[in-house]
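Have a look at the structure below before the remarks.
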Amino acid sequence: MGARGPPFPKRSSSVSIRSATAALGLAAALLCPRPGGADPSRITLQDAFVLARQHAPALVEARARVKAAQGPLASAAPLLRENPQLDFQVGPRRLANGDSGLDVAVGLAQPFELGGKQGLRREAARAGLSMEEARLRDAERLVLGDVAAAYLRLLEAREHLKLVSASAEATARTVQATERRYEAGDVPAVDVNVAKVAHARARAEVQVAQGEVSALQAELEGRLGYRAGSPVTYEDDLRGLARAAPRTAPEGAGARADLVALEQEQARARAAATLGRRQVLPDVTLGARYQKEADETVFLGTLSVPLPLFARGQEARLVGEADARRAEGELRAARIVVPAQVQAATDRYRASRDALGALEEILPLLDDNEALAQRSYDAGEMDLAAFLLIRRDTLEARAAWLDGLLRVALARVQLEVETGVLP
């Protein structure tokens, strides 16, 4: 942050005003979230969450996978997997005496699975649906975390643009004042050049900051999967969002969604492997048959038993067992990684919060330093180089404070992402 430009005048009442604005902005964001209607002109963080849930590509895909996972469950829901089969045969017959007759045969057969195969299919289908639902929740957790981080970076970029814009205006006034003093013979010509150089640097920083705001807004819209047809203002108070306490998961909320997804994947794979092993048990087909041959009528019961000599469920068994072992290994590793991620996010948040507290202690001093330096320079008690140095130090300190706000807000978001708390 060392090259962000000259200082920036700031009234001593700005801290209290900003605190009041932060409180009001945070209350509005938490208590009055808007539904994110079509082409809103002012979007808060809560609105961004609503838009992300509706339009984010990752969530659209995850919801489609949940819909697709309902298919196997619907297929396995009936009592029997196969439909009964009705067959009908009819044809002429010439009798021994030369007369003509008619043969008719009607049969009805129903396949039955043995070994609880249909129950295993239901178990695998339910686990598959639960897995996709958990993956949807996990995708939502990650997407909303990315959206919140992008939103916070956009807010910080907008505040930084205000900071460097005010600095550019201040350096323009310094150029004018230095030129007047040069014409009066109070300062050398080099001071005029130094002031103009400082002003040029400040204007360049404004251009960079404007481009960063536009780029971050485009990145946010990409994460939302939503681009408004009219100009949109993304607004919230960065300080209020940074000071908000991290949300905690309600008691009994259970494991994080990615862990649940792995557990359900393991259950599905085990059911599929068991189903593969049960394929060695032959399915049977029971039926009844009516036959009429000329003037003779026959009623038959039928039984069909395939012999599992070649197809014995080898693929389903091997694939299911391999998937179950893989899911078990991933789940074991995730149960170690997730607590470590939560601990790391907690430590980072606490450190960022404490560092911000140290930076906020010096904010009143920045106003005093800038005012004193301005008076000293106007009175001729301080040369231009020292005055510009103090102004730049002041600007860098304020920029560091903005960075601190962003760091705390991002750390809070990451902590909520790791604990699995959804906004």
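The values are calculated or read from the model by the stated rules, or taken from the named source; none is laboratory data. None of these values were measured; they are calculated from a predicted model. So basically every Cβ, Gly included, is an ideal-geometry build from the backbone, and we count neighbours across all protein chains shown. Side chains included, ligands, DNA and RNA excluded: accessible areas come from the protein's heavy atoms. Shrake-Rupley method; radii C 1.70, N 1.55, O 1.52, S 1.80 Å.
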- Message: Take the conditions assigned to a helix (DSSP H, G or I), among the hydrophobic types (A, V, I, L, M, F, W, C), open to solvent by less than 80 Å² (accessible area, probe 1.4 Å) and in contact with a Gly (Cβ under 8 Å, 6 or more places away or on another chain) and apply them to L359. Does it pass?
- Response: yes
- Query: Pick from region 245-281 the residues that are of a type in the set (D, E, K, R), in contact (Cβ under 8 Å) with a residue 40 or more places away in the chain and open to solvent by 70 Å² or more (accessible area, probe 1.4 Å): which of them is farthest from Q70 (Cα to Cα)?
  - Reply: R247
- Task: Could you list, in sequence order, all residues of region 105-146 that are farther than 25 Å from A68 by Cβ and under 11 Å from the mean Cα position of the chain (by Cα)?
- Result: G145
- Message: Take the residues in region 96-125 that are in contact (Cβ under 8 Å) with a residue 60 or more places away in the chain and open to solvent by 60 Å² or more (accessible area, probe 1.4 Å); name whichever of them is farthest from L281 (Cα to Cα).
- Response: L102
- Note on the structure: When restricted to A170, A134, A242, A204, the only residue over 21 Å from V421 (Cβ atoms), of a type outside the set (V, I, T) and touching a residue at least 24 places away in the same chain (Cβ under 8 Å) is A170
- Message: Condition first: more than 17 Å from A386 (Cα to Cα) and open to solvent by 70 Å² or more (accessible area, probe 1.4 Å). Now tell me which residues in region 165-181 satisfy that.
- Response: E169, Q176, R180
- Item | region 75-94: number of residues that are in contact (Cβ under 8 Å) with a residue 24 or more places away in the chain and loosely packed, with under 10 Cβ neighbours inside 10 Å | 1
- Message: If I filter region 207-225 down to residues being in contact (Cβ under 8 Å) with a residue 12 or more places away in the chain and of a type in the set (S, T, N, Q), which single residue comes out as most open to solvent (accessible area, probe 1.4 Å)?
- Response: Q210
- Message: Go through (1) modelled with pLDDT under 95; (2) surrounded by fewer than 16 Cβ atoms within 10 Å (Cβ to Cβ) for Q46 and report which single condition fails.
- Response: (2)
- Item | Among the residues listed as Q291, Q314, Q343, the single one being of a type in the set (S, T, N, Q) and closer than 30 Å to R121 by Cα | Q314
- What residue, among those in region 282-306 that are closer than 22 Å to G91 by Cα and loosely packed, with under 12 Cβ neighbours inside 10 Å, is modelled with the lowest pLDDT? D295
- Query: Before we move on, is R141 assigned to a helix (DSSP H, G or I), open to solvent by less than 40 Å² (accessible area, probe 1.4 Å) and under 30 Å from L59 (Cα atoms)?
  - Reply: yes
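This table checks each residue for (1) open to solvent by 20 Å² or more (accessible area, probe 1.4 Å); (2) free of Cβ contacts under 8 Å to residues at least 24 places away in the same chain; (3) within 23 Å of V206 (Cα to Cα); (4) outside any loop (DSSP other than H, G, I, E, B).
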position	(1), (2), (3), (4)
P339	yes, yes, no, yes
D347	yes, yes, no, yes
D354	yes, yes, no, yes
S376	yes, yes, no, yes
L389	yes, yes, yes, yes
Q414	yes, no, no, yes
V417	no, no, no, yes
- Item | Within region 182-193, tally of residues that are open to solvent by 60 Å² or more (accessible area, probe 1.4 Å), under 13 Å from D383 (Cα atoms) and part of a helix (DSSP H, G or I) | 2
- Give me a count of the residues in region 307-335 that are in a loop (DSSP other than H, G, I, E, B) and open to solvent by 70 Å² or more (accessible area, probe 1.4 Å). 5
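Might you check whether a residue that is of a type in the set (S, T, N, Q), outside any helix (DSSP H, G or I), at pLDDT below 90 and open to solvent by less than 70 Å² (accessible area, probe 1.4 Å) occurs anywhere in region 231-244? Quick ask: steps written out before the conclusion?
At the first step, the residues of region 231-244 found to be of a type in the set (S, T, N, Q) are 233.
If we keep only those that are outside any helix (DSSP H, G or I) as well, we get 233.
Okay, now just the ones that are also at pLDDT below 90, so 233.
Within this subset, residues satisfying the condition of being open to solvent by less than 70 Å² (accessible area, probe 1.4 Å) are 233.
Yes, some residue in region 231-244 is of a type in the set (S, T, N, Q), outside any helix (DSSP H, G or I), at pLDDT below 90 and open to solvent by less than 70 Å² (accessible area, probe 1.4 Å).
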- Task: Show the residue pairs that are 6+ apart or on different chains and have beta-carbon atoms under 7 Å apart, the first residue being within region 179-198 and at negative phi, the second being of a type in the set (F, W, Y).
- Result: A189/Y182; D191/Y182; V192/Y182
